[in-house]
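Encoded as structure tokens, the structure appears first; notes follow it.
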Amino acid sequence: MHTTTVTILFDNYAGLPELQTLWGFAALIRTSTQTILFDTGSNGRVLLKNMRALGIDSSEIDTVFLSHSHWDHIGGLDSILELNSNVTLIVHEGFSKHLIHDLRGLCRRLIVVGNEPLEFAPDIYSTGMLAADPPEQALLLNVNDSLALIGGCSHPGIAQLVAQSQAFVNKPVRWAIGGFHLMYSDDAAIAAAITQLQAFGVSKVAATHCTGDAARIAFRAAYGAEFIEGGVGRVIELN
């Protein structure tokens, strides 16, 4: 049976010693049918350096999925498209209209997601654009009849993203991976987020990037062995 994997390529938390950390997030998702680059970090040179160290070639990438328009998630896009323009690029309507116009000529196919969730490949979805500052979409993978949610910063709230996902696909979200944007939250807000995720049935979390140290400590305490350390170079197996 093929195992879907999520490899963190760009993160401000350290992982493998030979990889460089900078503020931002990117991950490579390998399924049985797709290789998806989720976000591109803040710096293309560092993204490509980390990919080379992990033995990943840009030509492997079928799809580039951008969660939102902040610099630390789209900074490496030019570097990727320069090496591999034969990709499907997925953005949402919250991106600059000028950027969307320009991107149409820089990739093989551009998909602009609206407010509604979208299945853009078999068992692979966008949550649709959720309102926030800035608006954001997350990626959903259907793995063995449960869902894995990968978020960039989760600006709409990680619990809101999970709720939207389960309502659309009508399957439980088992994994929550990525930035949870709790770095400015107090203890009560962090505890509430953990309670909400557990109530939804989220059983494995990899909270990294903008989650914040205090929230990561709280998630680690709440989830124990089911807390997956993030950090650049981490490979998460979804099975």
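Would you mind finding the one in Ser154, Ser165 that is more than 15 Å from Ile236 (Cβ to Cβ), in contact with a His (Cβ under 8 Å, 6 or more places away or on another chain) and of a type in the set (Gly, Ala, Ser)?
Working: Ser165 fails: in contact with a His (Cβ under 8 Å, 6 or more places away or on another chain).
Answer to the check: Ser154.
Cβ-Cβ contacts under 7 Å between residues 6 or more apart (or on different chains), taken from a first residue in the range 151-166 that is more than 18 Å from Ala26 (Cβ to Cβ) and assigned to a helix (DSSP H, G or I) to a second residue that is of a type in the set (D, E, K, R) and at pLDDT 95 or above, are absent. Would you tally the residues in the range 16-49 being modelled with pLDDT under 95 and either in contact with a strand residue (DSSP E or B) (Cβ under 9 Å, 6 or more places away or on another chain) or within 16 Å of Cys210 (Cβ to Cβ) (or both)? Here the count works out to 2. Applying the condition of being of a type in the set (D, E, K, R) and assigned to a loop (DSSP other than H, G, I, E, B) to the range 94-114 and asking which residue is farthest from Gln137 (Cα to Cα) yields Arg108.
When the residues of the range 176-196 are filtered to those that are β-branched (Val, Ile, Thr) and buried (at least 20 other Cβ atoms within 10 Å of the Cβ), which remaining residue is farthest from Thr31 (Cα to Cα)?
Ile190
The set of residues in the range 115-136 being surrounded by 19 or more Cβ atoms within 10 Å (Cβ to Cβ), in a loop (DSSP other than H, G, I, E, B) and polar (S, T, N, Q) consists of Thr127 alone.
Taken together, Val169, Val173, Val162 contain a single residue that is over 16 Å from the mean Cα position of the chain (by Cα) and surrounded by 16 or more Cβ atoms within 10 Å (Cβ to Cβ), which is Val169.
Against the condition touching a Leu at 6+ places or on another chain (Cβ under 8 Å) and without any contact (Cβ under 8 Å) to a residue 40 or more places away in the chain, how does Leu140 come out, does it pass? Yes: the conditions hold for Leu140. Of all the listed residues (Ile217, Ile177), the sole one being outside any strand (DSSP E or B) and either in contact with a strand residue (DSSP E or B) (Cβ under 8 Å, 6 or more places away or on another chain) or not hydroxyl-bearing (Ser, Thr, Tyr) (or both) is Ile217. Total residues in the range 1-35 satisfying the condition of being among the polar types (S, T, N, Q), in contact (Cβ under 8 Å) with a residue 60 or more places away in the chain and assigned to a loop (DSSP other than H, G, I, E, B): the figure is 7.
The values are calculated or read from the model by the stated rules, or taken from the named source; none is laboratory data. These numbers come from a predicted model, not from an experiment. In this analysis, Cβ positions are derived from the backbone assuming ideal geometry, glycine residues included, and neighbour counts consider all displayed protein chains.
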